[in-house]
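S.K.: So that we are looking at the same thing, I have put the structure below in structure tokens.
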Amino acid sequence: AKALGKNRFCYFVPSIQAIFAERLQLGHDLRSAMAQGQLDVYYQPIVDLATGHIVKAEALVRWHHPRRGWISPAQFIPIAEDIGLINGIGDWVFRRAAGMAKRLWESGCSGTPAGAPLQISINKSPRQFFTGHAHETWIDHLQEIGLPAECIAIEITEGLLLDERPDVTSKLQQFRRAGVQVSLDDFGTGYSAMAYLKRLDIDYLKIDQSFVRDMTSTPSDRAITEAIIAMSHKLGLRVVAEGVETREQRDLLSAAGCDFGQGYWFSRALPEDEFFKLLQRWPD
Ligand code: C2E
Ligand code: CA
Ligand code: CA
Ligand code: CA
């Protein structure tokens, strides 16, 4: 037992140190990443399940580190939040994504045969709402570049809703009043309460990929997914299913009346130019 304890000691201590050292190093590198052009924004299509058209895309930030290669935003966004870089990065992503939306709009790429613009959906973490950041600048920016607000959506998470600060609701309302749609991301993973949905002004709900992944094998996950879709529709919300990886998942979601699908079955997130090429060869 003693030997085991010793082994554990030897195993854990360096790894904890390594984790801290790595975070510190990454945070340091992240400070110069934007200026050195290491960040990019990729776009993942969101498909209308009834028509098969690409109607939206989610903007996802990418970091190509000169020595370590690709680093996941799931790893560096929390670091950016801790060291006060999230608003700088978030604003940069927003401007890039709005520029992409403008490019799509000007080139006549639309999300529907009727010509509705292809909407770009941009993640905004709770920290971006709480740090006294002037979110009005995002709305102003759309006016400056002459982009209709309906070309943009904001994805928020349930983390935002845990906080009962009244200004959260008013900030969301400001976006919606300006014409920017709001989507509730990762639904079902946090402290999801139906009461939030009633209280909040949102347009879309994104079912977390964990439910979608298991819905073909686990009856309860399928039941939950179907219930979320039915409930959302009754509340006047539209539903995006995340993490659609198989034909079977896509078909089950369609049968359940889910509005939109996003996932590797359709496409991974792509660099701007590749996304344009995908649109051109996408069957309409
Ligand atoms: P998210 O907002 O839930 O984004 C969806 C994630 O699922 C993306 O990971 C996407 O590449 C991945 N994904 C898409 N389809 C599939 C699929 O079929 N299967 C699987 N297994 N995964 C799929 P990614 O790009 O690594 O982003 C991770 C998280 O980082 C995002 O989760 C989001 O929370 C955060 N993030 C990314 N970009 C930004 C950003 O610009 N701002 C902020 N605040 N957060 C961001
Ligand atoms: Ca998202
Ligand atoms: Ca999500
Ligand atoms: Ca997530």
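S.K.: Out of Ile139, Ile152, Ile86, which single residue is more than 25 Å from Arg238 (Cα to Cα), touching a residue at least 12 places away in the same chain (Cβ under 8 Å) and away from ligand 3 (no atom under 16 Å from the Cβ)?
M.R.: Working: Ile139 fails: more than 25 Å from Arg238 (Cα to Cα); Ile152 fails: more than 25 Å from Arg238 (Cα to Cα).
Result: Ile86 is the single residue among Ile139, Ile152, Ile86 that is more than 25 Å from Arg238 (Cα to Cα), touching a residue at least 12 places away in the same chain (Cβ under 8 Å) and away from ligand 3 (no atom under 16 Å from the Cβ).
S.K.: Identify, from the list Glu81, Glu58, the residue that is crowded, with 17+ Cβ neighbours inside 10 Å, in contact (Cβ under 8 Å) with a residue 12 or more places away in the chain and assigned to a strand (DSSP E or B). Please lay out each step first, then the result.
M.R.: Details: Glu81 fails: assigned to a strand (DSSP E or B).
Among Glu81, Glu58, only Glu58 is crowded, with 17+ Cβ neighbours inside 10 Å, in contact (Cβ under 8 Å) with a residue 12 or more places away in the chain and assigned to a strand (DSSP E or B).
The rows are residues; the columns are (1) touching a Lys or Arg at 6+ places or on another chain (Cβ under 7 Å); (2) at positive phi; (3) away from ligand 4 (no atom under 16 Å from the Cβ).
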{"position": "Arg176", "(1), (2), (3)": "no, no, yes"}
{"position": "Val180", "(1), (2), (3)": "no, no, yes"}
{"position": "Gly188", "(1), (2), (3)": "no, yes, no"}
{"position": "Lys198", "(1), (2), (3)": "no, no, yes"}
{"position": "Asp201", "(1), (2), (3)": "yes, no, yes"}
{"position": "Met215", "(1), (2), (3)": "yes, no, yes"}
{"position": "Pro219", "(1), (2), (3)": "no, no, yes"}
{"position": "Ala223", "(1), (2), (3)": "no, no, yes"}
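S.K.: Next question, about the same structure. Can you confirm whether Leu172 is free of Cβ contacts under 8 Å to residues at least 60 places away in the same chain and more than 24 Å from Phe260 (Cβ to Cβ)?
M.R.: Working: free of Cβ contacts under 8 Å to residues at least 60 places away in the same chain: yes; more than 24 Å from Phe260 (Cβ to Cβ): no.
No.
S.K.: Can you pull out the residues in the stretch 28-55 that are assigned to a loop (DSSP other than H, G, I, E, B) and under 30 Å from Gly115 (Cα atoms)?
M.R.: To start, the set of residues in the stretch 28-55 that are assigned to a loop (DSSP other than H, G, I, E, B) comprises 34-38, 49-53.
Correct list: Leu49, Ala50, Thr51, Gly52, His53.
S.K.: With the condition being within 22 Å of the chain's Cα centre (by Cα), at pLDDT below 95 and more than 22 Å from Ile120 (Cβ to Cβ), I'd like the helices (runs of 4 or more DSSP H) fully within the stretch 206-284 carrying at least 3 qualifying residues. Steps first, answer last, please.
M.R.: Details: elements: 209-214, 219-234, 247-255, 272-281.
Answer list for the stretch 206-284: 209-214, 219-234.
The values are calculated or read from the model by the stated rules, or taken from the named source; none is laboratory data. A quick note: this is a predicted structure, and the numbers were derived from the prediction, not measured. All Cβ positions, even for glycine, are placed from backbone atoms using ideal geometry, and neighbour counts span all protein chains on display.
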